[in-house]
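Participant: This structure is in structure tokens; I'll ask about it shortly.
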Amino acid sequence: MAASDFSDEHRFLNLRTSLGTDKVLVLGYRAKESVSSLFEYSIDLACARGDLPKLDSIIGEKATLTINAQEDQASQFGAKRFVNGIINNISELGRLVITENQTEFDFVKLQITLVPCLWPLNLGSSFRIFQDKTIPDIIEIILKENGVAGFKTSFRATYKKVSYSVQFGESDFSYLSRLMESCGIYYYFEHSQENHTVVFCDEKSTHTYLPSTHNLPLITESQLSGRELGITKWRDQRTWTTSRYTSASYNFEAPNTELAGSLDTTVAIGEGGKTEIYDYFDGMTVRKDIDDVNKIRMEAIEAGSRRVLLGSKCTHLQAGFVFTLSNHYRADQNGDYLILGIEEECRNGGYGVFGIDNEVSFESSASCMSSKIQFREALKTKKPKVYGVQTATVVGPENEEIYTDKYGRIKVQFHWDREGQKNENSSCWMRVSQSVASNLFGAQFLPRTGQEVLVAFLNGDPDYPIVSGAIYNAQKMPPYPLPVNKTRSGLKTRSSKDGGVDNANELYFEDKKGEEEVYFQAEKDFLRQVKHDDQLVVGNDQNIEI
């Protein structure tokens, strides 16, 4: 039988794809969707053999699942709901022959998975540097690079520019996730018949009521047979949580200033003394940075202190939206709740080829929290660590041989950075390790542009590099040819700017047995100052030429 011999016009579930209408029958689906996560709808389908598409042809295509498509069971299941996404997986499960009303239908059973527009951001990874951008700026840049147009932002906080942030071998999705988690931004999805939209936000006032019925009573056992729309299961759950969050940092530009602070919870759950999370962060410069981090992290802790798990047959529950609970036997439980996540399973009792569904089975469970409490995502996305050191090339403005600031910092071009222009904008300023460094005394040797240096990272953090040394390469060879001069040690500088190989101040020690020598050269002037005695002992000749 061809697809034209059946219709999904009156079915509880239908699916619209680029294949057109009445091409597939939806047999059921399983779904997971939650705030700050990628939703996944696994949909079982029956497709007439004559209409079976090439599986590759619909990967990446948009599709819309409609739940309770005709709203003829609204009193039992709620209003019609759309789930729009892109198909990232399709499986052919085998032949399915259906006989209905003495008519035989020859189908192939398929299973597809619908995911959001953010899902492809997992498919690649990159190394790159963002400088002087806010985190909302970085979100927008990466989404536009990936062709994600369906997003909107609702931010209440003011975000300062991040001077230096490295995407270090991560997918775009992982990188954005950890940035958002660090500053308190989270997201959810809005669905329509044609599209879905990512809503990025940072404040609880952004969340709106469910687009259809949002007043949901708790239904008692005696009411279940009446199919009243509402909540059938309600489990209020409290968790013992940390009572204090403390963070600290260090700012080398104000080394004697203590950067540390604590914030105590306002949600007192658990007894037995104070519990504390103490965390250390590189890169904070003022006390407000500490206070902001403490506030966001404590809000994440408090958001996890009380969760409600519920069961329902409502088809219109959606993560990121608010509903109102009523009819609870404890009045303090009634009120507004933010839905954090849902899990659903729906099955048709029969195939309903002629558009007449048998008994529909639909179950939904959800987790939620009081909408009065600010939701924050926990730090669940790990930031990459850099193990060991890397090498990089010293850079600066064109024709500048020595490029530095008052702290003796330099800039580099990492070998993995394909976007850097090998100039003064290629990296942040990096401090340079010296053999001695104190107040107006110590060593001072600055790597010059074009030289290769070793770069370490504070606590393995790619955002906080520090230059730990310099190394030779095939273009920058040692000053004394090797291995013939293997007994020679020393230091040879180069006149700047535009000095040649013979323009140098130099001090070397020759340790070859019988040819020992200390050699010193001043390229121009030699100033010798002795503040007390000066003694010269010559064991043989002394020659002075002027």
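Participant: Here are the criteria: (1) without any contact (Cβ under 8 Å) to a residue 60 or more places away in the chain; (2) on the phi > 0 side of the Ramachandran plot; (3) under 39 Å from the mean Cα position of the chain (by Cα). Tell me which single one Val467 does not satisfy.
Facilitator: (2)
Participant: Within the set of pairs 6+ apart or on separate chains, which have a first residue in the range 394-409 that is not assigned by TED's automatic domain parsing to the domain that holds Phe252, a second that is surrounded by fewer than 13 Cβ atoms within 10 Å (Cβ to Cβ) and in a strand (DSSP E or B), and C-beta atoms under 6 Å apart?
Facilitator: none
Participant: With respect to the numbered conditions (1) surrounded by fewer than 15 Cβ atoms within 10 Å (Cβ to Cβ); (2) modelled with pLDDT of 90 or more, which one is the sole condition not fulfilled by Thr246?
Facilitator: So the condition that Thr246 fails would be (1).
Participant: Can I ask one more? Suppose we filter Gly78, Gly124 for residues that are of a type in the set (Gly, Ala, Ser), outside the structural domain of Leu27 (by TED's automatic domain parsing) and at pLDDT below 95; which single one remains?
Facilitator: The conditions single out Gly124.
Participant: I'd like to know if the range 416-434 contains one or more residues that are out of contact with any Asp or Glu (no Cβ under 7 Å at 6 or more places or on another chain), touching a residue at least 40 places away in the same chain (Cβ under 8 Å), crowded, with 16+ Cβ neighbours inside 10 Å and farther than 20 Å from Ser165 by Cβ.
Facilitator: no
Participant: Let me ask another. Of all residues in the range 119-133, which are under 24 Å from Lys161 (Cα atoms), aliphatic (A, V, I, L, M) and outside any strand (DSSP E or B)?
Facilitator: Passing the criteria: only Leu121.
For every residue, the table says whether it meets (1) touching a residue at least 60 places away in the same chain (Cβ under 8 Å); (2) acidic (Asp, Glu); (3) over 28 Å from Glu299 (Cβ atoms).
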position	(1), (2), (3)
Ala157	no, no, no
Ser165	yes, no, no
Ser182	yes, no, no
Glu194	yes, yes, yes
Asp202	no, yes, no
His207	yes, no, no
Leu229	yes, no, yes
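Participant: What single numbered condition from (1) among the polar types (S, T, N, Q); (2) touching a His at 6+ places or on another chain (Cβ under 9 Å); (3) closer than 22 Å to Lys295 by Cβ fails to hold for Thr393?
Facilitator: Thr393 satisfies every listed condition except (3).
Participant: Mind checking whether some residue in the range 157-172 is crowded, with 21+ Cβ neighbours inside 10 Å and either in a loop (DSSP other than H, G, I, E, B) or β-branched (Val, Ile, Thr) (or both)?
Facilitator: Looking for residues that are crowded, with 21+ Cβ neighbours inside 10 Å and either in a loop (DSSP other than H, G, I, E, B) or β-branched (Val, Ile, Thr) (or both), one finds at least one in the range 157-172, hence yes.
Participant: Answer yes or no: is there a residue in the range 181-195 that is aliphatic (A, V, I, L, M), modelled with pLDDT of 90 or more and assigned to a strand (DSSP E or B).
Facilitator: No, there is no match, as no residue in the range 181-195 is aliphatic (A, V, I, L, M), modelled with pLDDT of 90 or more and assigned to a strand (DSSP E or B).
Participant: Now for a separate question. Is it fair to say Ser262 is touching a strand residue (DSSP E or B) at 6+ places or on another chain (Cβ under 9 Å), farther than 30 Å from His328 by Cα, at pLDDT below 95 and among the polar types (S, T, N, Q)?
Facilitator: yes
Participant: In the range 463-496, how many are β-branched (Val, Ile, Thr) and assigned to a loop (DSSP other than H, G, I, E, B)?
Facilitator: 3
Participant: Moving to a separate point now. Since Leu317 meets every condition but one in (1) crowded, with 21+ Cβ neighbours inside 10 Å; (2) closer than 17 Å to Glu181 by Cβ, which condition does it not meet?
Facilitator: Failed condition: (2).
Residue by residue, here is whether (1) crowded, with 16+ Cβ neighbours inside 10 Å; (2) at pLDDT 75 or above; (3) within 35 Å of the chain's Cα centre (by Cα) holds:
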residue	(1), (2), (3)
Cys47	yes, yes, no
Ile86	yes, yes, yes
Asn89	no, yes, yes
Phe107	yes, yes, no
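Participant: Has the range 115-127 got at least one residue that is touching a Lys or Arg at 6+ places or on another chain (Cβ under 6 Å) and among the polar types (S, T, N, Q)?
Facilitator: no
Participant: Could you say which residue among Ile301, Ile296, Ile339 is buried (at least 17 other Cβ atoms within 10 Å of the Cβ), at pLDDT 95 or above, closer than 30 Å to Lys32 by Cβ and touching a Lys or Arg at 6+ places or on another chain (Cβ under 9 Å)?
Facilitator: Checking each option against the conditions leaves just Ile296.
Participant: How many residues are crowded, with 19+ Cβ neighbours inside 10 Å and more than 30 Å from Ile339 (Cβ to Cβ) when one looks only at the range 377-399?
Facilitator: 6
Participant: May I pose another question? Is there a residue in the range 476-484 that is farther than 30 Å from Glu398 by Cα, over 51 Å from the mean Cα position of the chain (by Cα) and surrounded by 13 or more Cβ atoms within 10 Å (Cβ to Cβ)?
Facilitator: No, because not a single residue in the range 476-484 is farther than 30 Å from Glu398 by Cα, over 51 Å from the mean Cα position of the chain (by Cα) and surrounded by 13 or more Cβ atoms within 10 Å (Cβ to Cβ).
Participant: If I filter the range 499-546 down to residues being under 22 Å from Ala470 (Cβ atoms) and modelled with pLDDT under 90, which single residue comes out as farthest from the chain's Cα centre (by Cα)?
Facilitator: Checking each candidate, the answer is Asp502.
Participant: OK, next. In the range 198-213, is there at least one residue being at positive phi and at pLDDT 95 or above?
Facilitator: Looking through the range 198-213, none of the residues is at positive phi and at pLDDT 95 or above.
The values are calculated or read from the model by the stated rules, or taken from the named source; none is laboratory data. Remember, it's a predicted structure, so these values are computed and weren't measured experimentally. Here Cβ is always computed from backbone atoms with ideal geometry, including for glycine, and neighbour counts include all displayed protein chains.
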